[in-house]
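S.K.: Okay, here's the structure, questions in a sec.
Any read-out appearing in this document is the output of simple, stated calculations on the displayed coordinates, not a laboratory observation. Treat the numbers as computed from the prediction; the structure is a model and nothing was measured. For neighbour counting, all protein chains shown are included, and Cβ atoms are generated from backbone atoms with ideal geometry for every residue, glycine included.
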Amino acid sequence: MEIAFAFVIGALTTSGVYLLLRARTFPVVMGLTLLSYGVNLFLFSTGRLATGQQPIIGSTETYTDPLPQALVLTAIVIGFAMTAFVVVLSLRSLADHDDDHVDGRQAPPGEPVSENRGGQNQ
Amino acid sequence: MNPWLTAPILLPLFGGITQIFMGYAPVNLRRTLGLITTVLLVCASAVLVMMADDGSYRAYAFGNWQPPFGIVLVLDRLAALMVLLTSVLALFCHIYSLGGADGENRQFHALFLFQLMGLNIAFLTGDLFNLFVAFEVLLIASYGLLLHGGGTVRTVPGLHYVVLNLIGSSIFLISVGMIYSVTGTLNMADLAVKIPRVSAEQLPLVKAGGMMLLVVFGLKAAILPLCFWLPRAYAAATAPVAALFAVMTKVGIYAILRVYTLIFGDTAGELANLGMDWIFPLALITLAMGVIGAIGAANLKTLIAWQVIISVGTLLAAISLGTEAGISAALFYLLHTTWVVGGLFLLADLVARQRGSASDGIVTAPRMHNRTLLSVLFLFGAVAAVGLPPLSGFFAKLLILMAAEPGARMAWLWSVVLIGGFLTLVAYSRAGSIVFWRNTEGHIERHGTLTRSVTFSTGALISAGVILVILAGPISRYTDATAAQLLDPEQYTEILETQMVGEGN
């Protein structure tokens, strides 16, 4: 079970990181989501993987660690809210620039980007 | 158990909740209630500083769970100092926002107060996972504040800021998971006890976790490879928000100071002073890059945003010296730089309001209406920020330079800080002389007037440069004691034996 679990986390994280490095907001949001899935699974496994056991001390011989479950629950809630926010923000960026490039509108070759006014890289 | 520790968290929480339900109430009522909350917060944090000044640790355990099983708030000198620093800065930013900046969004006051709540949780918590939650609370409020006022200028820097911080949160969770999987605890005091006992085969896992934490805190603090988001985001934010954000990078520095003196401090056995060798060179390169950015800045807000990066570099260089004198000097510099840079952000907005379409660009423009007042304020702010005598920046930098012990580090620190200081002076002189002296004839017809609230709050923050010098004696005594307390983590672990309510009687 450990091997399969590790592969799932690895696959999710790899695809998440790959998508994060794309230049369009939609893949970036997908990447963030996949990365947070990977992280949640990883957090879940920090209390060691166990099946069919209770998270309560004293009721049975062995027990599973309840704390990672609480941590994962918190991380899921926060991650969900953040994803919702970043989706809205990407839509706003799309509406503002008529383009879903992460830097706003892509500059045509040879012309400076108009929103770069506040930037330092001119 | 000391319930007063919850005051800096509960005050903005209740204040913020009240604001949410009052989105359509008269604006004066919302402003009054918001301001009352911030004033109360300053009073509460002043009381906490006085409480912490006796040098003992105070803890509050949520739900009366004996630590390390529940979440604890811990008050020591450092936490109290950070809470006071934040609330004083917040008070003046809040007063400034009454000058009209709060009108662009109904929920400005709520977001502002929730941001303060997140900051105060981060400073007071004694639990690593709770620190993550605090970061998320302050970040989601800061996303709202950063985009506050809208406009296409803010969407792209805002998007970058949000995505970067979400990646940072993922890395934070991974490192927390790694540390938990070995030690079975996330309470900072308990971690300080358990880290030295980690077996040799599990050591690399904790080490990796610790280094990843450093990456996360480095992202918050904007150390060099992770700081490129900062100037654009800060320069695009509205003035009171940018000024409040002056304390946001300091959260990362606080976290580095706390975690790497307590958990990975001198007593951590194999993992003692983890990552500190990396921080010193990175801090100096950050400082150098901040200076280069400041020289190349095209407008005042960008210039001051680069000043934030310069101060981050200076602070971390002093902290990574690892000595009591270094940390004490860094804390003094921290107070100075947060308030003065906050004041400069406000000032840049006042300048921009009076220059029409030239805004805060470092270009020739018609003369400002209140040029004398603004230029004097800029002179004070710039002198303090650059570190010329007689203002606070000079004393703070002097303390940092004196903290270095003779050796290769001293040579690097002295040369980078002094040459950097000189080049920053060039940057500020260039900006000031173009903005205030090189004017064209005539006035802008429609300019923003200075109301009492904006002038008062800007002046108050910039005058921190003078006040810190007058009170330098008591303040440096306090920071000396704070540094001594930080480097003696044995006492911190005593909060594990805190008496719960209803026990022992």
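S.K.: Tell me, rounded to the nearest percent, the portion of alpha carbon pairs in the range B:275-490 spaced more than 24 Å apart.
M.R.: Beyond 24 Å sits 43 percent of the P(r) for the range B:275-490.
S.K.: Find the percent of Cα-Cα distances in chain A that exceed 20 Å, and round it to a whole number. Don't skip to the end; give the middle numbers.
M.R.: Details: 4362 of 7381 pairs.
In whole percent, the share of Cα-Cα pairs in chain A beyond 20 Å is 59.
S.K.: Mind listing the phi-derived Karplus ³J(HN,Hα) values for the range B:129-145, rounded to whole Hz, using 6.51, -1.76 and 1.60 with θ = phi - 60°, and x for any glycine or proline?
M.R.: Along the range B:129-145, the couplings run 6, 5, 4, 4, 4, 4, 4, 5, 4, 6, 6, 5, 5, 6, 4, x, 5 Hz.
S.K.: Round to a whole angstrom and tell me the spacing of the C-alpha centers of the range B:27-86 and the range B:239-269.
M.R.: 17 Å
S.K.: May I pose another question? Test of understanding: ordering A:D98, B:D360, B:D190 by Cβ neighbours within 10 Å, fewest first, what list do you get?
M.R.: Lowest count first: A:D98, B:D190, B:D360.
S.K.: Another one. With a 10 Å cut-off between alpha carbons and a GNM built on chain A, which of A:S93, A:S59, A:S36 moves the most?
M.R.: A:S59
S.K.: Still on this structure, I have one more. Which net charge results when you count Lys and Arg as +1 and Asp and Glu as -1 among the other residues whose beta-carbon is under 15 Å from that of B:L373?
M.R.: +4
S.K.: Still on this structure, please answer the following. Over chain A, what is the relative contact order in whole percent, taking alpha-carbon pairs under 8 Å and six or more residues apart? Walk me through the numbers before you get to the answer.
M.R.: Working: 107 pairs, mean separation 24.1, N = 122.
Dividing the mean separation by the residue count of chain A yields 20 percent.
S.K.: If you take the charge dipole of the range B:275-490 about its Cα centre, with +1 on Lys and Arg Cβ and -1 on Asp and Glu Cβ, which of B:L379, B:M289, B:A352 is farthest toward its positive end?
M.R.: Checked the options; the winner is B:A352.
S.K.: A further question follows. Under the rule of -39500 (n - 2.57) per DSSP H run of 4 or more residues, summed and divided by the residues of the protein assembly as shown, what mean residue ellipticity at 222 nm is obtained, to the nearest 500 deg cm²/dmol?
M.R.: Details: 23 runs with 414 residues, N = 627.
Taken over the protein assembly as shown, the calculation gives -22500 deg cm²/dmol.
S.K.: Say R0 is 25 Å: what FRET efficiency, to the nearest 0.05, do A:A50 and A:F80 get from their beta-carbon distance?
M.R.: E(calc), rounded to 0.05, equals 0.45.
S.K.: Suppose we keep just the DSSP beta bridges with both residues in the protein assembly as shown; what percent of those would be antiparallel, to 5?
M.R.: Antiparallel bridges make up about 65 percent of those DSSP assigns within the protein assembly as shown.
S.K.: Within 10 Å of each residue's Cβ, count the other Cβ atoms and sort A:F5, B:F129 from fewest upward. Can you show the working numbers first?
M.R.: Values: A:F5 14, B:F129 22.
The most exposed by this proxy come first: A:F5, B:F129.
S.K.: Follow-up. Looking only at A:G38, A:G47, A:G58, which one moves most when chain A is put into a Gaussian network model with springs between Cα atoms under 10 Å?
M.R.: Of A:G38, A:G47, A:G58, the Gaussian network model singles out A:G58 as fluctuating most.
S.K.: Step through the table entries B:K194/B:K397; B:K207/B:K250; B:K207/B:K301, compare each Cα-Cα distance with 28 Å, and write down the pairs that go over it.
M.R.: B:K194/B:K397; B:K207/B:K301
S.K.: Now for a separate question. Between the range A:46-105 and the range B:375-433, what is the C-alpha centre distance in whole Å?
M.R.: Their Cα centres are 44 Å away from one another.
S.K.: Let me ask something else. Tell me, what ³J(HN,Hα) does each residue in the range B:166-177 have, in order and in whole Hz, if you take phi through Karplus 6.51 cos²θ - 1.76 cosθ + 1.60 with θ = phi - 60° and put x for Gly and Pro?
M.R.: 5, 4, x, 4, 4, 5, 4, 4, 4, 5, 4, x
S.K.: With every atom except the alpha carbons ignored, what do you get for Rg and Dmax of chain B, in angstroms?
M.R.: 22.1, 80
S.K.: Would you mind giving the mean number of other chain beta-carbons within 10 Å of the Cβ of each residue in A:91-99, as a whole number?
M.R.: Other-chain Cβ atoms within 10 Å of each residue's Cβ, averaged: 3.
S.K.: Related question: Taking the Cα atoms only, what angle lies between the long axis of helix B:392-403 and the longest principal axis of chain B, rounded to 10 degrees?
M.R.: 40 degrees
S.K.: Please provide three numbers in whole Å: the alpha-carbon extents of the range B:37-131 along the principal axes, with the largest listed first.
M.R.: For the range B:37-131, the Cα extents along the three principal axes come out at 46, 27, 18 Å.
S.K.: How much length, in nm to one decimal, is gained on full extension between B:E270 and B:D53, taken as 0.36 nm per residue of separation minus their Cα-Cα distance?
M.R.: Extending this stretch completely gives an extra 74.9 nm.
S.K.: How much of the DSSP bridge set in chain B is antiparallel, in percent, rounded to the nearest 5?
M.R.: 70 percent
S.K.: Sort B:393-400, B:200-207 for me by packing, meaning the mean count of neighbouring Cβ atoms within 10 Å per residue, highest on top.
M.R.: Averaged packing, sorted descending, gives the order B:393-400, B:200-207.
S.K.: Would you kindly derive the ³J(HN,Hα) couplings of the range B:113-128 from the backbone phi angles with the Karplus curve 6.51 cos²θ - 1.76 cosθ + 1.60 (θ = phi - 60°), listing them in order in whole Hz, with x for Gly and Pro?
M.R.: 5, 5, 4, 5, 4, x, 4, 5, 4, 4, 6, 9, 6, x, 9, 5
S.K.: Return B:C227, B:C43 ranked ascending by Cβ neighbour count within 10 Å, so the fewest neighbours appear first. Show your work: numbers first, answer last.
M.R.: Working: B:C227 22, B:C43 12.
Fewest-to-most Cβ neighbours within 10 Å comes out as B:C43, B:C227.
S.K.: Expressed as an acute angle from 0 to 90° and rounded to the nearest 10, what is the orientation of the C-alpha long axis of helix B:203-221 relative to the principal long axis of chain B?
M.R.: 20 degrees
S.K.: Same structure again: Where does each of A:79-92, B:373-386 land if you order them by average Cβ count within 10 Å, highest first? List each step's numbers first, then the result.
M.R.: Details: A:79-92: 16.4, B:373-386: 21.9.
Ranking, from highest mean packing down: B:373-386, A:79-92.
S.K.: If you average the sequence gap of Cα pairs under 8 Å that are 6 or more apart and divide by the length of chain B, what percent do you get for the contact order?
M.R.: Details: 815 pairs, mean separation 85.7, N = 505.
Relative CO of chain B lands at 17 percent.
S.K.: In peptide B:172-183, how many Cβ atoms from other protein chains are near each Cβ within 10 Å, on average?
M.R.: Mean shielding count: 5.
S.K.: How large is the translational diffusion coefficient of the protein assembly as shown in µm² per second when you combine the Kirkwood radius over alpha carbon pairs with Stokes-Einstein at 25 °C and 0.890 mPa s?
M.R.: The Stokes-Einstein estimate is 98 µm²/s.
S.K.: As an exercise, use a Förster radius of 45 Å and the Cβ-Cβ distance of B:N28 and B:L487 to find the FRET efficiency, rounded to the nearest 0.05.
M.R.: E(calc), rounded to 0.05, equals 0.40.
S.K.: Quick one: helix B:276-296 against the long Cα principal axis of chain B, what's the angle to the nearest 10°, folded into 0 to 90?
M.R.: So the helix axis and the longest Cα principal axis differ by about 10 degrees.
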